[in-house]
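A short worksheet on the structure shown next.
The values are calculated or read from the model by the stated rules, or taken from the named source; none is laboratory data. Note that the structure is predicted; figures quoted are calculated from it, not measured. Cβ placement follows ideal geometry from the backbone for every residue including glycine, while neighbour counts extend to all protein chains displayed. Note: accessible area is taken over every heavy atom of the protein model, side chains too, but ligands, DNA and RNA are not part of it. Shrake-Rupley method; radii C 1.70, N 1.55, O 1.52, S 1.80 Å.
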Amino acid sequence: MERFSFRRFLNTLGGRLAVLAFFLVVVTIIGGTVVGVQLLRIRNAVAVMGEATTYLETALSVAHQTTSLVLVVQEDVMGGVTREQLRRDVSPALTTLEMYQRVLLEQAQSLPPESELRKSMSLSASTIVNVTRVTHQILQATEEGYQDWTRYLLNTLGVNHRLLEQELGRMVTLARERHSQAVAEARLAAGRLLIVVPLVTIAVILTAAGAAVLILRGVVTGIRLLSDSAGRLAAGHLEERIPVQGLEEFRFLARTFNNMASELQGLYAGLERLVAQRTAELARRTAQLEAAAHVARKAAEIRDLDTLLNETVRLISDRFGFYHAGIFLVDEAGEYAVLRAASSEGGQRMLARGHRLAVGRVGIVGYVAGTGKPRIALDVGADAVFFDNPDLPLTRSEMAVPLKVGDRVIGVLDVQSVEPEAFTEEDVSVLQTMADQIALAIENARLLEESRRALEELERLYGERAREAWRTVASSRPAAYRYTGADVEPLPAPVPLAGEEDGRRLTVPIRLWGQAIGSILLQRREEQPPWSPEEQRLAEEIGEQIALALENARLLAETEERAARERMLAEMTARLTRSLDLDALLDTAVRELARLPEVAEVALYVGGADEMASPSRRRGRRTG
């Protein structure tokens, strides 16, 4: 058998593969060392990128929580909520901020002492402490009722908020710089891999170029994928992912990279959703406040009660988009809440049949009218107090707020929606504020209506009295007066004017308090033009002035007549009290009574009615 020499073995594919394997082992050792160092640097850079992302998440969360806290404090303080409500509103945000303050301190401890990012995080934590402390001081000032101190603290809170935003912005900038440095480090390491690995491989295994190329192609491809993906991720393409393939190191890096990209994408998406949600809530709240202000402004402009109620429910339905809006007013007995206005077709049917609910006993409206507190039914099917109304079959959620003037409930504003859980506590505050303005407008309209009716009644009574008085005056005076061109002459009866009804005859009533006490007849000659509308209005104004002048003259005459009677009565009383003699007193009384106007004879009798016929009882007599 021919011996298989070593030389032949080296010529064989197996020998060459063995030599290639030896060179591959050497290359693997050398190249692996280089690659391992660079991959370690990449891994460290990825870890730094993760930390920087965590810092960014913390900074953005702190900014969001601080802004929410400041907005809640400002809205509640300006809105005049109760101290307990204010404390309940700010407690969650304070707890969250204190937690983030501890997180910032813990994260700062992991950084080098001379790191600017550490200093920024420590300063941000200190500013958070200032914000929470000022918030607690605002709570205390609100409880003690120091309004000026509260406004000062609100300004201080705004200053600390701006300082915190500035420091958080600086922190975000530093974190992004750290992130960018890590990305640059990863790129540098990847670049070194791309340069070192091919050079070492070419220099060491020139004869194994084909096999080495195949091996290195996978390494280079993996590194290029990692570098390119890291670059695209740094450029803002958060959807970038690396295929998990090739060596296990590349698989591990790909999985780490993909996980980091997924977390970063989820974080940014969550923040965007949170910002969008908050923006939508603020927009909705602003729209509600604008709608409430518009409704309250329109309600304040209307004076008629029925018009006010109908216009208010229409505006509420249009502006807020409610399926049904209705206003109930509590009757005078306080037993029923009566529907007075409704915006929906079902509500109109309820109005037609006089729909009413027992106060404190039937439905959400009755509950609110009885307790004076708002109530929400997020799911009317599960609410035990809800009144199932067949006229409003599409109702899924309902809210009712009281219409209060002071501590007195005068009615209920009821709104209903076709959407379940359509109302929130913020809606309650907005609608309650609007309901308070509507209640004042309703009360003002009621008072105005009562005043108007009282004034009309007073005018009617005074007009009737004036008419009777002028009837008495007219009975003792000439029936009419006529201007003859040279003088004015009295007439025993009104004389009709000559001429035809051709526009030259004008009749102007003399009205006083809605009652006609006379009239003015004006006649122009045939060559003169007819009365123009301006002249007619002038004549009517003159008639009004004449009525006032005549009434003033009559009142003056009445006053003078009353004063004369009182003066005569005073003189009569003075003369009667001068003498104590009975006969002289009776004689004086007869004389004084005879002085009264239009008295022809005076007889004075002393005694009972059955004795007055006796001549012996007649004590005084005078004939004028």
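Before moving on, here are some points about what is shown:
- Of the residues making up region 100-120, those that are in a helix (DSSP H, G or I) and either hydroxyl-bearing (Ser, Thr, Tyr) or open to solvent by less than 70 Å² (accessible area, probe 1.4 Å) (or both) number 10.
- Condition check for Glu443: part of a helix (DSSP H, G or I), within 17 Å of Thr307 (Cβ to Cβ), open to solvent by 10 Å² or more (accessible area, probe 1.4 Å) and not β-branched (Val, Ile, Thr): yes
- Within region 265-285, residues that are at negative phi have Cβ atoms under 7 Å from residues that are modelled with pLDDT of 70 or more and not in a helix (DSSP H, G or I) in these pairs: Gln265/Leu238; Gln265/Glu239; Tyr268/Leu238, counting only partners at least 6 apart in sequence or on another chain.
- Qualifying residue in region 181-190 (condition: in a loop (DSSP other than H, G, I, E, B), open to solvent by 80 Å² or more (accessible area, probe 1.4 Å) and modelled with pLDDT under 85): no
- Here Ala230 fits the description: under 54 Å from the mean Cα position of the chain (by Cα), at pLDDT 65 or above, open to solvent by less than 30 Å² (accessible area, probe 1.4 Å) and not basic (Lys, Arg).
- The residue that is farthest from the chain's Cα centre (by Cα), counting only those in region 79-90 that are part of a helix (DSSP H, G or I) and either among the hydrophobic types (A, V, I, L, M, F, W, C) or modelled with pLDDT of 85 or more (or both), is Val90.
- Any hit, region 55-66, residues being exposed (fewer than 14 other Cβ atoms within 10 Å of the Cβ) and in a helix (DSSP H, G or I): no
- Candidate set from region 550-568 (those that are open to solvent by less than 80 Å² (accessible area, probe 1.4 Å) and modelled with pLDDT of 80 or more); member that is farthest from the chain's Cα centre (by Cα): Ala563
- Matching residues in region 269-322 - criterion: being of a type in the set (Gly, Ala, Ser) and at pLDDT 70 or above: Ala269, Gly270, Ala276, Ser317, Gly321
- In region 392-399 there is at least one residue matching the filter, namely being under 24 Å from Arg314 (Cβ atoms), within 26 Å of the chain's Cα centre (by Cα), surrounded by fewer than 21 Cβ atoms within 10 Å (Cβ to Cβ) and not polar (S, T, N, Q).
- Restricting region 121-133 to residues that are open to solvent by 10 Å² or more (accessible area, probe 1.4 Å) and among the β-branched types (Val, Ile, Thr), the residue that is nearest to Ala175 (Cα to Cα): Thr127
- Inside region 418-440, residues that are under 21 Å from Asn310 (Cα atoms), open to solvent by 10 Å² or more (accessible area, probe 1.4 Å) and touching a helix residue (DSSP H, G or I) at 6+ places or on another chain (Cβ under 9 Å) make up a count of 4.
- Subset of region 134-148 [open to solvent by 60 Å² or more (accessible area, probe 1.4 Å) and in a helix (DSSP H, G or I)]: His136, Gln137, Gln140, Glu143, Glu144, Gln147, Asp148
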